[in-house]
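The values are calculated or read from the model by the stated rules, or taken from the named source; none is laboratory data. It should be emphasised that the depicted structure is a prediction, and the values quoted were computed from it without experimental measurement. As a convention, Cβ positions derive from the backbone with ideal geometry for all residues, glycine included, and neighbour counts pool all protein chains shown.
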Amino acid sequence: MTKEVIYRSIFFFVLAGLFEIGGGYMVWKAIKGNQPLWVGILGGTFLAIYGMIATFQPAGFGRTYAAYGGVFVLMSLLWGWGMEKVKPDHYDVIGAVIIAIGTAVIFYAPRK
């Protein structure tokens, strides 16, 4: 992969992560946080958009979604820290580093 392709894929990982985690968070808040119905509907719309953003990745479905799993773990910890003020502990950080390495290997390792 060229640097341009890698930067573009990282952009789409982050963008999709924002829509997936943001959308899921909105649905969560609508159901568990007594927010209005429209918050949940908007969250569901964001989740659908996330599904479309994933199609811009250069890899196939399985590898793309496996890598998204790792990205979402990392972004979810950051989201929880930023939105709910739950600071990741050292076990979260260790796990996130392990996941980040695995995600990079899955998605960016050179292949024939």
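Quick notes on this structure:
- Residues that are in a helix (DSSP H, G or I) and among the β-branched types (V, I, T) were ranked within the range 44-87; the one that is nearest to the chain's Cα centre (by Cα) is V71.
- Check on V27, in a helix (DSSP H, G or I), surrounded by fewer than 17 Cβ atoms within 10 Å (Cβ to Cβ), more than 14 Å from the chain's Cα centre (by Cα) and not aromatic (F, W, Y): no
- Which listed residue is surrounded by fewer than 19 Cβ atoms within 10 Å (Cβ to Cβ), at pLDDT 95 or above and closer than 19 Å to A67 by Cβ, from L37, L42, L15: L15
- The range 68-112: number of residues that are in contact with a Leu (Cβ under 9 Å, 6 or more places away or on another chain) and farther than 16 Å from V14 by Cα: 5
- Complete set of residues in the range 45-95 that are hydroxyl-bearing (S, T, Y), buried (at least 18 other Cβ atoms within 10 Å of the Cβ) and more than 15 Å from G23 (Cβ to Cβ): T64
- Taking the range 99-112 as the range and being surrounded by 12 or more Cβ atoms within 10 Å (Cβ to Cβ) and under 16 Å from the mean Cα position of the chain (by Cα) as the test, the residues that pass are I99, A100, G102, T103, A104, I106, F107.
- Which numbered condition K32 fails, given (1) surrounded by fewer than 13 Cβ atoms within 10 Å (Cβ to Cβ); (2) under 27 Å from A109 (Cβ atoms); (3) among the basic types (K, R): (2)
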